[in-house]
Amino acid sequence: MLSLDRLSARASVRLLIDHLDHVALLEQYSRSAGTSGQLWSVFIKLDLGSKRAGVPLNSRLHELVAAAESSKLIDIHGFYSYPARNANKWDIDGAISVLQTHIDCLIIATKLLSDRSKPLVLAVGSSIMARIIDKLPIHLPPNLQLEFIAGNQ
C-alpha cells in the first residue's frame with residue numbers, strides 16, 4: 001500500500017478534516033515521513049445536524065480553522081458538508097431547502113478565515129443535490145466555487 005506522501009506525488013489528494021487532532025496528526029505524519037515541506041490540501045468537513053461526521057458550526061470550527069491556517073503544512077482548499085440524512089425521503093422543495101441551508105452554512109464557515117478573499121471550494125456531497133441544482137438560484141462571492149460530489153442514489 002502506498003504511503004500518503006507517495007500517493008500524493010502520483011495523484012491529487014485532498015483530505016477531509018473535522019477535528020483539531022487531524023492538524024496535529026498531519027504534522028506528526030509529515031515529520032515521521034520526512035515530508036515536512038509537503039503542503040496538504042484539505043476540506044474542513046462540517047456537521048450541519050446529521051451527527052454523522054464533521055465539526056459543528058460553533059467554537060470548535062473556529063479552533064479548527066485557526067489551527068489549520070496556522071499550520072505551515074495545510075492549505076485549506078474549502079469546506080465540505082454532507083446533507084444525506086433522510087435524503088431518499090425529500091421532495092423537491094425539501095431538497096432545495098436543505099441545499100440552500102448547506103450552501104449558506106458553508107459560506108458562513110468561509111468567513112472564519114483570516115483571508116476572506118482566498119479562492120475556496122464549497123463542496124456538497126449527496127446525489128439528490130446534484131439532481132436539483134438547476135432549481136436553485138445560487139449566488140456566491142467571486143472567490144467561491146460550488147462543487148457537488150454525487151454518489152449512487
If you check 73, 57, 46, 64, which single one turns out to be touching a Cys at 6+ places or on another chain (Cβ under 9 Å), modelled with pLDDT of 90 or more and farther than 13 Å from residue 124 by Cα?
57
Which residues, counting only those in segment 13-72, are in a helix (DSSP H, G or I) and buried (at least 16 other Cβ atoms within 10 Å of the Cβ)?
22, 23, 26, 27, 29, 30, 61, 64, 65, 67, 68, 69
Can you find, within segment 106-153, the residue that is farthest from residue 60 (Cα to Cα) among those that are at pLDDT 95 or above and part of a helix (DSSP H, G or I)?
107
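Yes or no, residue by residue, for (1) within 15 Å of the chain's Cα centre (by Cα); (2) of a type in the set (Val, Ile, Thr); (3) under 23 Å from residue 83 (Cα atoms):
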residue: 5; (1), (2), (3): no, no, no
residue: 15; (1), (2), (3): yes, no, yes
residue: 29; (1), (2), (3): no, no, no
residue: 38; (1), (2), (3): no, no, no
residue: 42; (1), (2), (3): yes, yes, yes
residue: 52; (1), (2), (3): yes, no, yes
Take residue 94 and tell me if it is within 27 Å of residue 137 (Cα to Cα), small (Gly, Ala, Ser) and in a strand (DSSP E or B).
no
Report, ordered by the first and then the second residue, all pairs with beta carbons closer than 9 Å, sequence separation of six or more or different chains, a first member in segment 53-74 that is without any contact (Cβ under 8 Å) to a residue 40 or more places away in the chain, and a second member that is surrounded by 15 or more Cβ atoms within 10 Å (Cβ to Cβ) and polar (S, T, N, Q).
54/81
Conditions (1) farther than 19 Å from residue 125 by Cβ; (2) in contact with a His (Cβ under 7 Å, 6 or more places away or on another chain); (3) charged (D, E, K, R); number of the one not met by residue 14
(1)
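The values are calculated or read from the model by the stated rules, or taken from the named source; none is laboratory data. Remember, predicted model here, so these are calculated numbers, not experimental data. No Cβ is skipped: glycine too gets one built from the backbone with ideal geometry, and neighbour counts run over all protein chains shown.
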